[in-house]
Amino acid sequence: MPEPVSEQTISVEINGETYEQEVEARKLLVHFIRDVVDLTGTHVGCDTGNCGACTVLMDGKTIKSCMLLAIQADGATITTVEGLAAGGELTPLQRAFSASHALQCGYCTPGMLLSAAYLLEQNPHPSEEEIRRGIQGNICRCTGYVNIVEAIKSVAEGGGA
Amino acid sequence: MLLREVEYARPETIDEAVRLLSSREDARALAGGQSLVNVMKIRVAAPELVVDLNRIEELRGISAAADGSLVLGAMVTYDELIRSDAVRAARPILGEVALTIADVQVRNRGTVGGNLCVNDPTNHLPPLMATTGATMTIRSLEAERTVSSDEFFLGVYLTAVTPGEMLTRVTVPALAPGESDGWASVTLGKDGTGIVNVAATVAAGQARIAIGCVSAVPVVVEAEADEVSVRKAVADADLDPPSDVHASADFRRHLAQVLAWRAVGQALERTGA
Ligand SMILES: Cc1cc2nc3c(=O)[nH]c(=O)nc-3n(C[C@H](O)[C@H](O)[C@H](O)COP(=O)(O)OP(=O)(O)OC[C@H]3O[C@@H](n4cnc5c(N)ncnc54)[C@H](O)[C@@H]3O)c2cc1C
Ligand code: FES
Ligand code: FES
């Protein structure tokens, strides 16, 4: 039977790099990503699981990283917003967000991009309704969503996220 | 937010998990974490030990029993329910309703077992367990038992799963010939929290209805499957729902009648009756 631990060394692959770190059991994944790994693109908005600012991809699926303990991510593969533009070149989705003015303050944008990337990976040609449902877990207080939906649509039509 | 200090264990078998859960007064199972981690943040829950169920293979997967019933491991996620061909064939309502829970990220993590064990009165799955005739299998250190939904849901955030025990699987009978399910709900925004949720199952002109959000546990009523009988049965149930900023008790009582008939109506459409 595994012994209960209050801290443990975990190994997590984030954006292609492996991090081995001791973490307290109570540390949330979002804090591990921001404060330990120092990738601050992943935001904390509500801290209650509602806003989606903390969204990351874990083992290929979007999750809200404020509702997972970092220790649970031991062995996982994670992509944060910093991992999208690998090599410094923006993805078509990121370029579309820029071209369509799909952000204002940008607070929601990292989570929004990951939800949109996941949506397009699952469903390369979503309808507007499917796009709206796909980003339902990401709240934006600035844009009114119209330009975000436009940006995603333009990539879906243009092919390839 | 900083959680209170907590210990963590990651068992790989059900046996190990119940031993861990029984090892401390205040040990809690951690499933999808979509409720538990949040209540730990605000310290409504501050367990000494969390027992992470996520790496227990035996709790995963959807299979069919010999009689065609669906057997859902406690750790089956909403996303897995939605994608499952077996669910679509045997009891499609489960996937249809799961698709309206919260949002993509919550559906990627939230589990059948967690949804039932937390028994939040607004949760989507408890009423469905009542109408479909599902049974819940609970393991303790010494024994295993299987209970029906009226034995399982006991109060707000309270179920038949006692400290040291865990829910291992849920068995949902396949739709019988001529039987069909419906669902109707008024929510806070699209796919939001339910103000009133209603599940219904209709067979041979008889409806079994379970109403969520109006009491600590799903309220079950039976009626003939026509509008007058359904509305009367719900009225006769003397519901005593809560009042809050979203709806008064009176409005919830009204919605319960309207939605009960909508859910039954949806089920009837599907039988072609
Ligand atoms: C923004 C947001 C909106 C939501 N909206 C809805 C909604 O509209 N409808 C809805 O139904 N849900 C909603 N939820 C809740 C969500 O469905 C949760 O996933 C669910 O309530 C709990 O499931 P979980 O797997 O996340 O369990 P956890 O949060 O991990 O656990 C919940 C509780 O159940 C216990 N538990 C879990 N599994 C077991 C087991 N196998 N045996 C014994 N005990 C167990 C835990 O100890 C804990 O006390 C929402 C959540 C969020 C964050
Ligand atoms: S910070 Fe995680 S959902 Fe808002
Ligand atoms: S751009 Fe400001 S919250 Fe979305």
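Observations on the model:
- Residue that is modelled with the lowest pLDDT [pool: residues in the stretch B:239-270 that are open to solvent by 70 Å² or more (accessible area, probe 1.4 Å) and more than 24 Å from residue B:188 (Cα to Cα)]: B:270
- Flag for residue B:95 being over 15 Å from the mean Cα position of the chain (by Cα), under 28 Å from residue B:226 (Cα atoms) and surrounded by fewer than 21 Cβ atoms within 10 Å (Cβ to Cβ): no
- From the list B:143, B:86, B:130, the lone residue that is surrounded by fewer than 24 Cβ atoms within 10 Å (Cβ to Cβ), in contact (Cβ under 8 Å) with a residue 24 or more places away in the chain and hydrophobic (A, V, I, L, M, F, W, C) is B:86.
- Residue list for the stretch B:105-122, filter: buried (at least 24 other Cβ atoms within 10 Å of the Cβ) and either over 22 Å from residue B:13 (Cα atoms) or in contact with a Gly (Cβ under 6 Å, 6 or more places away or on another chain) (or both): B:105, B:106, B:107, B:109, B:110, B:111, B:114
- Within the stretch A:121-151, considering residues that are hydrophobic (A, V, I, L, M, F, W, C) and closer than 18 Å to residue A:64 by Cα, the one nearest to ligand 2 (Cβ to nearest atom): A:139
- In the set (1) away from chain B (no Cβ under 13 Å); (2) closer than 25 Å to residue A:30 by Cα, residue A:115 fails one condition alone, (1).
The values are calculated or read from the model by the stated rules, or taken from the named source; none is laboratory data. In this text, all values refer to a predicted model and were calculated from it rather than measured experimentally. Methodologically, a virtual Cβ is constructed for each residue, glycine included, from the backbone with ideal geometry; neighbour enumeration extends over all protein chains shown. The accessibility values were calculated without ligands, DNA or RNA, using every heavy atom of the protein model including side chains. Shrake-Rupley method; radii C 1.70, N 1.55, O 1.52, S 1.80 Å.
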